[in-house]
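Participant: Next up is a structure, given as structure tokens.
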Amino acid sequence: MASPLSDLDELVLKCRDEKARSYIKESVLCYKSGAFRSAIVSTWIAVSFDIIDKLKDLSLTGDKEAEKQLEEFEKARKAGDIASSLKFERDILQIARDKLELISHIEFIDLERLQQDRNRCAHPSMTSDGEIFNPSAELARVHIRSAVEYLLQFPPAQGKYALESLISHP
């Protein structure tokens, strides 16, 4: 039996962090108004800021990799270094998967698709012949659901650091 569609308002409530909830609520509002490109862009923003917030949280608990990644992000931000900031955003999912183990390889694939679709929505130069990318309602909805189900509903201590913390502090 196929699973029923997730209720979008319930997905908003599943978000662990108030900021993530606010961003995904904006995505849902865009979705409900038929602004599917905006919904996808807002969902990507929610994912990006959630990972950055998790870097901050993990850094405060002594996670050295999180500290290193956050330092690189802050250095680029403070210097106004657009190229480094764009590189950080481009790599943020790999950091979440490989360095922090916040997401699995399968979740990475779906969230990477969100990132690619966000680029198609936000950058007209990404499409051929000047055609505007028009995502479907279903595509926007799956991105919202994936963001919440894979990332936004979970606390930052996922993966490697959570396991190391359990081993060192049983």
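Participant: Being open to solvent by 80 Å² or more (accessible area, probe 1.4 Å) and within 18 Å of Leu151 (Cβ to Cβ): is that true of Glu107 here?
Facilitator: The answer is no for Glu107.
Participant: Show the residue pairs meeting these rules: Cβ distance below 6 Å; 6+ apart or different chains; first residue within region 139-154 and farther than 19 Å from Gly34 by Cβ; second residue among the aliphatic types (A, V, I, L, M) and not in a helix (DSSP H, G or I).
Facilitator: Qualifying pairs under 6 Å: Tyr150/Ile103.
Participant: Tell me which helices (runs of 4 or more DSSP H) are completely within region 4-79 and hold 2 or more residues being hydrophobic (A, V, I, L, M, F, W, C), open to solvent by 60 Å² or more (accessible area, probe 1.4 Å) and under 17 Å from Leu102 (Cβ atoms), or say none if there are none.
Facilitator: 36-60
Participant: Going by the conditions given, is Ala96 more than 22 Å from His143 (Cβ to Cβ) and either open to solvent by less than 10 Å² (accessible area, probe 1.4 Å) or not in a loop (DSSP other than H, G, I, E, B) (or both)?
Facilitator: no
The values are calculated or read from the model by the stated rules, or taken from the named source; none is laboratory data. Quick caveat, the model's predicted, so the values are computed rather than measured. Using ideal geometry, Cβ is built from the backbone for each residue, glycine included, and neighbour counts are taken over all protein chains shown. Heavy atoms of the whole protein, side chains included, go into the accessibility calculation; ligands, DNA and RNA do not. Shrake-Rupley method; radii C 1.70, N 1.55, O 1.52, S 1.80 Å.
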